[in-house]
Amino acid sequence: MLRLGSVAAMLGVAAALLLGGCSETELVLNTGKVVTKPTQTPPAYKIGQPYQVDGVWYYPKVDYGYDETGIASWYGPDFNGKPTASGEIYDQNGLTAAHKSLPLPTIVQVTNLENGRSLKLRINDRGPFVNGRIIDVSRRAAQLLGFHENGTAKVRVQVLADESMALAAALTGGSGVPSDQPQPAAPTAAPTTAVTAQPLPAATSSASSTVATAPAATNTATTTAPATTRAVAAAQPDGRVTQTLVKPSGIFIQAGSFTQYANAQKLTTELSRMGAATMTPVKVGTQQFYRVRLGPIASVSEADRLLDKLVRSGHTEARIVVD
């Protein structure tokens, strides 16, 4: 079900748009109200095993090229103070979000395609398990992105690869191996053999020999811990909202994508009884596909209704897209 908290008045933000011909402008905000520093360090870096919710399977994986558009929702009071999938305690005033498959944690940029507001968030939970939703953000994130009162918004979600990789490295001691995956085997000691003692020949020179000494061992705990702490801190979202110019977009239901024209045409005819249905040829690499969509659809609620109808009729791969 949709995870929504009680509707509260939006926190005020004093915005001064410094457009100056640029396509992206930082909002000048009251930092006392905007910046919400996370109070916890992510406990571990996890990917997770495939899992099932309400009969649907999800497959977590690393995807530094992730860039999707869709519908976002938010969750708050009903989950505040409870454990997340990462093991952290959920803070509805934190700058975090839930995603079905990205590693925990992953840093993403979420852009509201209705007002252009954009914000970095840290994925630390799983969800939302609702057809047509691609991300569930915290209450505070929804306020900053400007859809707290509406409950949903058309968004673009992009993984920030460099920051996500740096965070993964910092949390795994540089190995990048998640805590829930098989760890590399520890190196084994070299085999030993018996050594027979023999006297050394007498020195032929009166010159004194010098003995090289190994450099003193450094305390790695004290030298790497600060670096790890800095890396983790640097990857945390800072609450800075930017204003990006966005193009008008519509809501569609993508019912299927086929390599066979006849199959795509058949589904297009079937969907035409529910509304405007289109079939569009799309090239993916060298492969030709025929994408079948229904829309544009006037509202999220109408898209939810049509998607549910399609899924119940057997089109289980259908999904809401924003384009």
Under a straight-distance cross-link criterion of Cα-Cα below 24 Å, which lysines are reachable from LYS82, leaving out those fewer than 8 residues away in the same chain? LYS33, LYS37, LYS46, LYS100, LYS120
Which whole-number percent gives the relative contact order of the stretch 234-323, counting Cα pairs below 8 Å spaced six or more residues apart? 38
Over the stretch 68-179, what percent of the accessible surface lies on carbon and sulfur atoms, probe 1.4 Å? 45
For the stretch 87-184, the convex hull over Cα atoms projects on average to an area in nm² of 6.8
May I have the convex hull volume per residue, in Å³, for the Cα set of the stretch 237-323? 151
Roughly to the nearest percent, how much of the accessible area of the stretch 266-323 is carbon and sulfur, given a 1.4 Å probe? 51
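The values are calculated or read from the model by the stated rules, or taken from the named source; none is laboratory data. The model shown is predicted, which means the values in this text are computed figures rather than measured ones. Quick note on the areas: whole protein, heavy atoms, side chains included, nothing else; ligands and nucleic acids left out. Shrake-Rupley method; radii C 1.70, N 1.55, O 1.52, S 1.80 Å.
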